[in-house]
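Report on one structure; see the data block that follows.
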Amino acid sequence: MILLTLMAIVVIAIVTQRSLFGVVILSGAYSFLMASVLIVYDAVDVAMTEASVGAGVSTVVLLGTLALVKTREARADARQPLALFVALVVGAALVWGTLQLPSFGTADAVIHRHVAPYYLQNVVPQTNVPNVVTAVLADYRGYDTLGETTVIFTAGIGVMLLLRGAWRRAQRNRKDA
Amino acid sequence: MFVAATLAILAAMALAVVRAIKGPTVFDRVLAGNSMGSLAILLLAAVGFLTGRPEFLDIGLTYGLLNLIGTLAVLRFFRHGDLAYDPGTKRRR
């Protein structure tokens, strides 16, 4: 509860903050708060991902962006009644859509009656994995996870190729100059 | 006792948030962000013992390493103005 309040404070501060560097630091702080909330909810693996991606990698990427962009602020057209109206309508529609959902954490919601009981009963005899989440991800949905890792691997190779090309070009330019 | 420790850590986190938001200089903010990471580790340990699962401590180690990387990136950004994204400057150092 306290953590969520702190997160809300941090988000408001991020929105109102003028110094971009402060925003980077605050987003790192936000990630650590989010990780703490996830720990309290007993989802340690998700919390670790949040801390590594949110606080570690994102901070570095955001700082790299900050080094590339200009520091001058563009003048904002402050009042846009149509945009505000659209945002409010879309937000209201989304909230209205969630009203139909079963309340959070109820055991007899539809998603908990489909295959979850089967997994819970058969994980240990079928896979010998004590952690059900791990068993579902790496065993029952093994092909799905394989596809995901293939996509991420391909994306990583693409980024490395692009960066390497840029590096080579910079080297050649330096030699010519 | 662990409850008291958890509450104290949460209070310290609130103070760190205040410093990160108000922080007049950059270094206040860096320090606040860094101590936020340390407090997250402490909270992880305290909650781990509170729920009787001290295995959480191993994950705290990972957090510590990540925190170090983030702070190093920030400080390097301040020393050199960028993260040495331009490979030419990286060679020269």
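The values are calculated or read from the model by the stated rules, or taken from the named source; none is laboratory data. Computed from a predicted structure; not experimentally measured. Don't worry about glycine lacking a Cβ; one is built from the backbone with ideal geometry, like all the others, and counts go over all protein chains shown. Heads up: the accessible areas ignore ligands, DNA and RNA and are worked out on the full protein's heavy atoms, side chains in. Shrake-Rupley method; radii C 1.70, N 1.55, O 1.52, S 1.80 Å.
Could you provide, to the nearest whole Å², the per residue accessible area of region B:2-82 with probe 1.4 Å?
Normalised by residue count, the accessible surface of region B:2-82 is 52 Å².
A 1.4 Å probe over all protein chains sorts A:ASP176, A:ASP139 by accessible area into A:ASP176, A:ASP139, starting with the largest.
Chain B packed on chain A takes about 3000 Å² of accessible surface away from a 1.4 Å probe, both sides summed. Taking a Cβ cut-off of under 14 Å around A:ALA47, the surrounding Lys, Arg, Asp and Glu residues balance to a net charge of -4, with basic ones at +1 and acidic ones at -1. The mean number of partner chain beta-carbon atoms within 10 angstrom of a residue's beta-carbon across peptide B:27-35 is 4. Inter-chain Cβ neighbour count for A:11-23, averaged per residue, equals 2 (cutoff 10 Å, partner chain atoms only). The gain in end-to-end length when the B:ARG76 to B:ASP58 segment is fully stretched comes to 3.7 nm, 0.36 nm per residue minus the alpha carbon separation.
Let a ≥ b ≥ c be the square roots of the eigenvalues of the Cα gyration tensor of region B:2-82; is it rounded (a/c under 1.5), or, if not, prolate (a/b larger than b/c) or oblate? Taking the square roots of the gyration eigenvalues as a ≥ b ≥ c, region B:2-82 is oblate. With a Förster radius of 35 Å applied to the beta-carbon distance between A:THR134 and B:ALA5, the computed FRET efficiency rounds to 0.70. Site-free segments of chain A were taken between chymotrypsin sites (Phe, Trp or Tyr not before Pro) in DSSP loops having at most 14 other Cβ atoms within 10 Å, sites themselves excluded; the longest one is A:105-177. In a fully extended conformation the segment linking A:ALA43 and A:VAL124 would gain 27.1 nm over its present Cα-Cα distance, using 0.36 nm per residue. With the cut-off at 1.5 for a/c, could you classify region A:81-177 from its C-alpha gyration tensor as rounded, prolate or oblate? Since a/c reaches 1.5 but b/c is at least a/b, the shape of region A:81-177 is classed as oblate.
Set the Förster radius R0 to 41 Å, insert the Cβ-Cβ distance between A:ARG169 and B:LEU50 as r into 1/(1 + (r/R0)^6), and round the FRET efficiency to 0.05.
FRET efficiency, A:ARG169 to B:LEU50: 0.15.
If R0 is taken as 30 Å, the Cβ-Cβ distance between A:PHE85 and A:ARG18 corresponds to a FRET efficiency of 0.65. In terms of its alpha-carbon gyration tensor, chain A comes out oblate; a/c meets the 1.5 threshold, while b/c is at least as large as a/b. The length gained by stretching the chain between A:LEU94 and A:TYR143 to full extension, at 0.36 nm per residue less their Cα-Cα distance, is 14.4 nm.
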